[in-house]
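Right, one structure below, let's go through it.
The values are calculated or read from the model by the stated rules, or taken from the named source; none is laboratory data. Since the structure is predicted, the reported quantities are computational estimates derived from the model, not experimental observations. Positions of Cβ are backbone-derived with ideal geometry, glycine not excepted, and every protein chain shown enters the neighbour counts.
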Amino acid sequence: MTTPTAPKTAWIISPGQVGMKAQCRGIAEALGLAFEFKDVAFRPPYSWLPEVALVHGDPLAMLTAESPNLSAPWPDVAITLGSRCAPIGVAMKRRSGGKVFALHVQRPAVPVAWLDAVVAPAHDEVVGANVIETQVALHHVTPAKLAAAAEIWAPKLGGLKRPLIAVILGGSNGWRRFQMTEAAVERLASGLKTLAASGCGLAITPSRRTDPPAREKLVKTVRDLGGYAWDGEGDNPYLGLLAVADGIVVTEDSVSMTSEALSTGKPVFVAALEGRSGRIAAFQAGLQAKGFTRPFEGRFEHWTYAPPDDTARAARLLQQKFGWG
């Protein structure tokens with residue numbers, strides 16, 4: 001039996017959100033692929049219609065003029081994320097005569113059998129012979145990257161109190177999902193003040209999704225408490241905070257940030273926002289039930305767990321399943 005040649009190149013195709021790209025980057029790096037990001041957008045009316053519209057047409061013809069050209073020469077793998085992007089991987093596979101391996105991350109908007117492989121977290125409830133299920137989201141945070149970040153950031157944060165708590169802010173992610181309301185921000189700020197009063201040091205970094213009023217309020221709170229707050233200038237301290245902190249507070253809206261925080265093996269506290277997302281709520285509830293995370297209630301506790309290693313595991317299973325030597 002001839003062993004299939006291991007793939008070498010990939011296009012990462014998504015709507016371009018940072019969290020999405022980080023997940024795809026994680027599996028691409030774990031597979032040792034040279035990759036390019038291809039951020040796409042669909043033109044009207046397809047951008048307004050349910051995903052089923054993409055199944056019955058030509059996905060590549062539905063992209064905006066500003067989207068990158070997706071044509072030969074093809075990569076070995078199309079890694080797609082975002083349910084509407086799954087048909088793009090299928091279309092590339094068909095146009096290339098089967099040369100392109102269609103790998104989708106999370107729940108696709110097409111039957112899983114149309115794709116070569118799907119890697120999806122358990123809360124997505126995706127079933128199929130070609131599905132690899134994970135506990136947490138794929139990501140690109142590795143022990144080596146954390147160690148490198150610690151060398152840079154440990155001296156910069158060395159003057160802060162211990163235990164040092166990193167505060168990782170997400171933000172509102174749609175009117176039907178989580179909202180970083182004024183009440184939620186006040187609740188988080190109050191919890192941080194309680195932490196500081198107990199002797200903890202604080203370091204905070206917002207994300208692109210953090211609402212400006214929330215960012216200003218929480219950054220000021222941390223600075224007033226003698227902590228470190230990133231102002232958006234210079235290098236992003238995100239990996240450094242994960243690496244140096246003794247515990248991590250992350251807002252509940254982000255599956256990616258929670259998953260990346262868990263890669264450290266440190267206590268991870270989840271700060272509640274307003275609203276609800278069924279899928280994300282199921283993800284967070286599952287992690288708490290398994291003892292990975294705890295709700296943020298303004299106090300520091302220490303516990304241990306084996307960090308989920310789903311990205312490396314998914315890469316190994318893909319290599320084994322498809323005989324990539």
* Structure fact -> Note on segment 161-205: residues assigned to a helix (DSSP H, G or I) and not hydrophobic (A, V, I, L, M, F, W, C) are 182, 186, 187, 190, 191, 193, 194
* Of residues in segment 95-125 being within 22 Å of residue 260 (Cα to Cα) and β-branched (Val, Ile, Thr), the one nearest to the chain's Cα centre (by Cα) -> 105
* To do: Collect the residues in segment 22-37 that are among the charged types (D, E, K, R) and either buried (at least 22 other Cβ atoms within 10 Å of the Cβ) or in contact with a His (Cβ under 7 Å, 6 or more places away or on another chain) (or both), keeping them in residue-number order.
  => 25, 29
* Go through segment 269-322 residue by residue and tally those that are of a type in the set (S, T, N, Q) and without any contact (Cβ under 8 Å) to a residue 60 or more places away in the chain. => 5
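Checking the condition over 25 Å from the mean Cα position of the chain (by Cα) and assigned to a loop (DSSP other than H, G, I, E, B), which residue from 65, 61 passes?
65 is the lone residue from the list that is over 25 Å from the mean Cα position of the chain (by Cα) and assigned to a loop (DSSP other than H, G, I, E, B).
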* To do: Name, by its number, the condition in (1) assigned by TED's automatic domain parsing to the domain that holds residue 186; (2) assigned to a loop (DSSP other than H, G, I, E, B); (3) over 24 Å from residue 196 (Cβ atoms) that does not hold for residue 264.
  => (3)
* Would you pick out the residues in segment 141-169 that are farther than 22 Å from residue 301 by Cβ and crowded, with 20+ Cβ neighbours inside 10 Å? -> 141, 149, 153
* Return yes or no: is residue 53 small (Gly, Ala, Ser) and under 30 Å from residue 145 (Cα atoms)? => no
* Subset tally (residues that are in a strand (DSSP E or B) and closer than 23 Å to residue 324 by Cβ) for segment 16-58 -> 5
* Structure fact -> All conditions in (1) under 18 Å from residue 253 (Cα atoms); (2) in contact (Cβ under 8 Å) with a residue 12 or more places away in the chain are true of residue 228 except (1)
